[in-house]
1. Which of the aspartates and glutamates could a cross-linker bridge to Lys47, judged by Cα under 16 Å and excluding same-chain residues fewer than eight apart?
2. Under 10 Å, Cα contacts only: if you run a Gaussian network model on the chain, which one of Arg75, Arg57, Arg42 comes out with the highest mean-square fluctuation?
3. Excluding residues on the same chain fewer than 8 positions from Lys85, give the aspartates and glutamates whose Cα lies under 19 Å from its Cα.
4. With the chain treated as a Gaussian network of Cα nodes joined by springs under 10 Å, which of Leu18, Leu52, Leu61 yields the largest mean-square fluctuation?
5. Give me the accessible area per residue for the chain, probe 1.4 Å, as a whole number in Å².
6. For segment 4-56, what is the convex hull volume of the alpha-carbon atoms per residue, in Å³?
7. Based only on the alpha carbon positions, what is the Kirkwood hydrodynamic radius of segment 40-90, in angstrom?
8. Ranked from the most accessible area to the least, with a 1.4 Å probe and all protein chains present, what is the order of Tyr60, Tyr76?
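The values are calculated or read from the model by the stated rules, or taken from the named source; none is laboratory data. These numbers come from a predicted model, not from an experiment. Just the protein is used for accessible areas: all its heavy atoms, side chains included, with ligands, DNA and RNA removed. Shrake-Rupley method; radii C 1.70, N 1.55, O 1.52, S 1.80 Å.
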Amino acid sequence: MMNFKTAINIDEATCQELILKECNSEWTIVTYVVADVMTETREKFGKMEGDLAIEERLKYLASIGMIEIDDPSQRYGRYNVRLSKTYRTK
């Protein structure tokens, strides 16, 4: 696990669950996934988590192979994400 800090104190497992719920086998622009997670945090916790904290966690999930980023060299909003092939088969 990484040293993960959010503005509204969401634990890593919950944030991971929210992100993975929004990803599927199709490439999706990262901003759609992040916006959906932000909306979900507002509905679940009464406050909205920030986009940068969610993106940080998303990039971590990519680094451990749970999701894929089509072009990690791109800045936020310019890349797509999807569940990794290995994670989709679990």
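1. Of all the aspartates and glutamates, those that pass the test against Lys47 - Cα under 16 Å, at least 8 places apart if same chain - are Asp11, Asp36.
2. Looking only at Arg75, Arg57, Arg42, the biggest GNM fluctuation is shown by Arg75.
3. Glu17, Glu22, Glu26, Glu68, Asp70, Asp71
4. Maximum fluctuation in the GNM of the chain, among the listed residues, is at Leu52.
5. Numbers: 5320 Å² over 90 residues.
In whole numbers, the chain has 59 Å² accessible per residue.
6. Values: hull volume 3.7 nm³, N = 53.
With only Cα atoms used, segment 4-56 gives 69 Å³ per residue.
7. On the way: mean 1/r = 0.0825 Å⁻¹.
This gives a value of 12.1 Å.
8. Descending order: Tyr76, Tyr60.
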